[in-house]
1. I'd like the full set of residues that are within 23 Å of residue 84 (Cβ to Cβ) and over 12 Å from the mean Cα position of the chain (by Cα), limited to the stretch 1-27.
2. Does at least one position in the stretch 28-48 carry a residue that is among the basic types (Lys, Arg), within 11 Å of the ligand (Cβ to nearest atom) and either within 23 Å of residue 87 (Cα to Cα) or under 16 Å from the mean Cα position of the chain (by Cα) (or both)?
3. Just wondering, is there one or more residues in the stretch 1-11 that are near the ligand (Cβ under 9 Å from one of its atoms) and within 18 Å of residue 190 (Cα to Cα)?
4. Could you please find all residues in the stretch 25-55 being not aliphatic (A, V, I, L, M) and not in a loop (DSSP other than H, G, I, E, B)?
5. Regarding residue 134, is this residue open to solvent by 20 Å² or more (accessible area, probe 1.4 Å), within 9 Å of the ligand (Cβ to nearest atom) and either over 28 Å from residue 90 (Cβ atoms) or under 17 Å from the mean Cα position of the chain (by Cα) (or both)?
6. Residues of the stretch 153-171 being closer than 20 Å to residue 29 by Cβ and either open to solvent by 60 Å² or more (accessible area, probe 1.4 Å) or not polar (S, T, N, Q) (or both), which ones?
7. Quick test for you: out of 4, 22, pick the one residue that is part of a helix (DSSP H, G or I) and either among the polar types (S, T, N, Q) or at pLDDT below 95 (or both).
8. I'm trying to understand the selection: among the residues of the stretch 67-80, which are open to solvent by 40 Å² or more (accessible area, probe 1.4 Å) and either among the aromatic types (Phe, Trp, Tyr) or farther than 21 Å from residue 29 by Cα (or both)?
Amino acid sequence: MKKTVIFGGTFNPFHLGHLKLTEEVIKLIGPNRFILMPTHIPPHKIARELMSDEDRLEMCRLAVKDLPEVEVSDYEIKAGGKSYTVRTLEHFHRLFPDEELYFAMGSDMLETFLSWYMPERIMQLATLVCNFRDEVDRAACEEVRAKIEALGGRCVLTDCEPLVCSSTDIRDRIDRGEPIDDLVPKAVAEYIERKGLYRD
Ligand code: ATP
């Protein structure tokens, strides 16, 4: 059966933690298609200093330009409103009815998963795949995985070293005039610099 992975996020900006998750999940799942999905309005968090949809889409495109199996989708941005994961998964399930869907996320998101909008339906539509952001997340994620499986869902945890890195940290560094080259793909750093993003 063909496999499609969807990886959603604000990507404000896209950083090396996102890239590592992408590469690890491709290695683990071996999907036919990996879809990077910048959200329009994230439902699960308050987005600070959110750059435009176009800038975030472009940063995603630049970040994965050397990964042929990854495509960047503007589905959530075009759909508008709050980017509920369940809505996105229903869309791709209709589009690819015979494929197995996976929804990728970091451990902070998995920890809150059961309080998302319609988690049961999400579990019917997709297997969750989670990459750790920090070693301390492991126990909490195992607990959530056990709950998900008790409810009939499927959840896979990757087994790689976490890469501690966040978009918040990158925005703060830019604010302080510090370099970000070791935290974002080169083409993304150049784009941020050229467009003067995240500078007040
Ligand atoms: P912010 O600091 O603005 O809250 P973020 O760094 O958490 O942003 P998002 O775009 O919100 O980045 O994250 C998108 C997805 O990528 C989420 O599922 C998140 O858990 C995951 N993720 C983010 N950073 C990492 C990382 N360093 N390692 C693994 N997964 C990550």
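The values are calculated or read from the model by the stated rules, or taken from the named source; none is laboratory data. Small disclaimer: the values here were computed from a predicted structure and weren't measured. Neighbour counts run over all protein chains shown; Cβ positions are idealised from the backbone, glycine included. What goes into the accessible areas is simple: the full protein's heavy atoms, side chains included, and nothing from ligands, DNA or RNA. Shrake-Rupley method; radii C 1.70, N 1.55, O 1.52, S 1.80 Å.
1. 3, 4
2. To start, the set of residues in the stretch 28-48 that are among the basic types (Lys, Arg) comprises 33, 45, 48.
Those left that are additionally within 11 Å of the ligand (Cβ to nearest atom): 45, 48.
Then drop every residue that is not either within 23 Å of residue 87 (Cα to Cα) or under 16 Å from the mean Cα position of the chain (by Cα) (or both), which leaves 45.
There is at least one residue in the stretch 28-48 that is among the basic types (Lys, Arg), within 11 Å of the ligand (Cβ to nearest atom) and either within 23 Å of residue 87 (Cα to Cα) or under 16 Å from the mean Cα position of the chain (by Cα) (or both).
3. Yes - at least one qualifying residue is present in the stretch 1-11.
4. Filtering the stretch 25-55 down to residues not aliphatic (A, V, I, L, M) leaves 27, 30-34, 38-40, 42-45, 48-49, 52-55.
Residues satisfying the conditions are 27, 33, 34, 38, 53, 54, 55.
5. Spelling it out, residue 134 is indeed open to solvent by 20 Å² or more (accessible area, probe 1.4 Å), within 9 Å of the ligand (Cβ to nearest atom) and either over 28 Å from residue 90 (Cβ atoms) or under 17 Å from the mean Cα position of the chain (by Cα) (or both).
6. Here is the first cut: in the stretch 153-171, the ones closer than 20 Å to residue 29 by Cβ are 153-163.
Scanning the stretch 153-171 gives 153, 154, 155, 156, 157, 159, 160, 161, 162, 163.
7. Values: 4 fails: part of a helix (DSSP H, G or I).
Of the residues listed, the single one that is part of a helix (DSSP H, G or I) and either among the polar types (S, T, N, Q) or at pLDDT below 95 (or both) is 22.
8. 74, 75, 78, 79
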